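The next block holds one structure in the form of structure tokens; read it before the comments.
The values are calculated or read from the model by the stated rules, or taken from the named source; none is laboratory data. These figures come from a predicted structure and were not determined experimentally. All Cβ positions, glycine included, derive from the backbone under ideal geometry; neighbour counts span all protein chains shown.
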Amino acid sequence: MLAPRLSIDPFDEAFLADPYAQHQALREAGPVVWLEPIQAYGMARFSEVQAGLRDYGTFCSGRGVGLSDFAAETPWRPPSLLLEADPPLHDRTRGLMNRIVSWQALKAIRPVWQERAEALADRLVEQRRFDAVAELGETYPMLVFPDTIGVPVEGREKLLAYAAAVFNAFGPRNAIFDRGNEQAGDAAEWVAKACKRENLSEGGWGMAVYEAADRGECSADEAERLVRSFLTAGVDTTVNGIGHMMLAFASFPGEWQKLRERPHLVKRAFEESLRWDSTVQTFFRTTTMAVEVGGVTIPAGSKVLLFLAAANRDPRKWEDPDRFAIDRPLGGHVGFGFGIHQCLGQMVARLEAELVLAALLKRVKSIRLAGEPKRRLNNTLHAIASLPVEVEPA
Ligand code: OVV
């Protein structure tokens with residue numbers, strides 16, 4: 001059977017401004033669709049997305065997780081040794097990185113990160129009105145993450161523009177991609193320098209990668225590129241994760257009251273906000289062989305777009321999926337992906353969100369939108385440019 005052909009372009013500006021409006025059409029059309037404008041397959045139902053992520057042998061990452069097929073085109077930057085790699089290479093690099101982003105490492109940084117979350121919350125609640133993106137979503141990760149990696153202070157604000165450009169580059173070379181590159185300016189050069197051993201501080205996670213290289217776990221060149229992964233994947237993701245968590249509470253005020261009564265739900269609230277609005281909306285895979293999905297044969301060498309965010313609101317899996325409900329039964333969303341590539345930094349993201357949310361919860365009785373949220377269009381991330389909120393101190 002052939003996949004239904006759709007004229008939906010998941011990278012046009014209308015789609016990216018409100019992807020949720022079109023996810024239903026993608027899911028309803030079938031388990032696999034052919035997206036005419038980008039000449040690629042797509043899957044938007046939970047069970048097929050999860051199965052695709054699970055089957056890394058058939059749906060590979062080594063040919064790139066963007067629209068560009070690395071088997072046919074030269075990648076625009078040297079491929080990530082994690083995201084854009086398959087086993088066995090992937091398992092070696094991932095194992096090394098997992099030992100750095102460990103439970104013990106997170107336990108060690110928690111007190112400092114907590115102090116910074118509390119201080120920031122003090123300041124914002126005193127203000128009453130603030131921009132939950134510019135003053136919280138962006139500020140908090142930038143207060144904690146670059147120090148943890150150990151990058152130079154001078155110029156580190158460039159990390160935001162660099163990440164935005166990388167996430168744009170998973171899509172087609174459209175106007176959003178061009179604008180992102182323009183705004184990035186010399187950020188890629190700054191990041192390349194920051195990844196070098198001589199520019200990383202002692203005791204940071206960046207230096208820890210080079211120490212793994214000293215032990216023979218990878219080469220020095222590989223270490224440099226693995227540090228780049230921290231810097232690419234660690235900022236704009238958590239920035240928008242915290243932003244959407246705040247948007248969720250501002251949009252569903254009853255949930256804040258619920259959380260005030262049941263503060264032990266803090267971690268679940270973040271998980272639910274990621275399900276409700278998944279920062280990483282999509283990633284591609286490439287088929288290594290012909291594969292049948294729901295009666296449709298996808299030929300070998302096909303690009304397949306996995307709609308993580310659409311899967312996370314699939315009514316086949318979730319009850320009343322458009323509702324943000326912090327006490328919903330735990331369901332295992334795919335906002336952090338699934339399987340061998342599942343987010344390396346998920347514990348970092350969870351820690352940041354938990355500390356920010358707990359710090360606010362102690363101080364805030366209610367949150368409301370104080371203006372129209374503004375979107376920032378990105379080919380992969382669901383991103384917010386501005387989110388004016390007003391809080392009532394507790
Ligand atoms: C998950 C992710 C996003 C972007 C870049 C990378 C990873 C990387 O490994 O460079």
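So which of 119, 169, 105, 194 is closer than 30 Å to residue 15 by Cβ, small (Gly, Ala, Ser) and at pLDDT 95 or above?
Working: 119 fails: closer than 30 Å to residue 15 by Cβ; 105 fails: closer than 30 Å to residue 15 by Cβ; 194 fails: closer than 30 Å to residue 15 by Cβ.
Just one listed residue meets the conditions, 169.
Among the residues of segment 209-221, those that are surrounded by fewer than 24 Cβ atoms within 10 Å (Cβ to Cβ) and in contact with a helix residue (DSSP H, G or I) (Cβ under 7 Å, 6 or more places away or on another chain) comprise 210, 212, 213, 217, 218, 219, 220. Residues in segment 340-356 that are surrounded by fewer than 21 Cβ atoms within 10 Å (Cβ to Cβ) and within 11 Å of the ligand (Cβ to nearest atom): 4 in all.
Just need a number here: residues in segment 182-202 that are assigned to a helix (DSSP H, G or I) and within 29 Å of residue 219 (Cβ to Cβ). Spell out the reasoning first.
Step one: of segment 182-202, the residues assigned to a helix (DSSP H, G or I) are 182-184, 187-194, 197-199.
Now drop any that are not within 29 Å of residue 219 (Cβ to Cβ), which leaves 184, 187-194, 197-199.
Of the residues in that region, 12 qualify.
What residue, among those in segment 88-103 that are aliphatic (A, V, I, L, M) and either touching a strand residue (DSSP E or B) at 6+ places or on another chain (Cβ under 7 Å) or in a helix (DSSP H, G or I) (or both), is farthest from residue 343 (Cα to Cα)? Per the criteria, the residue is 89. Screening segment 229-270 for residues that are charged (D, E, K, R) and over 13 Å from the mean Cα position of the chain (by Cα) and picking the one that is surrounded by the most Cβ atoms within 10 Å (Cβ to Cβ) gives 255. Taking every residue in segment 69-80 that is in a loop (DSSP other than H, G, I, E, B) and pairing it with any residue that is near the ligand (Cβ under 10 Å from one of its atoms) and among the basic types (Lys, Arg), at least 6 positions away or on another chain, the pairs with Cβ-Cβ distances below 9 Å are 77/228; 78/225; 78/228; 79/225; 80/225; 80/228.
Of the helices (runs of 4 or more DSSP H) lying entirely inside segment 224-286, those containing at least 1 residues that are in contact with a strand residue (DSSP E or B) (Cβ under 9 Å, 6 or more places away or on another chain), more than 29 Å from residue 151 (Cα to Cα) and away from the ligand (no atom under 16 Å from the Cβ) span 236-251, 253-261.
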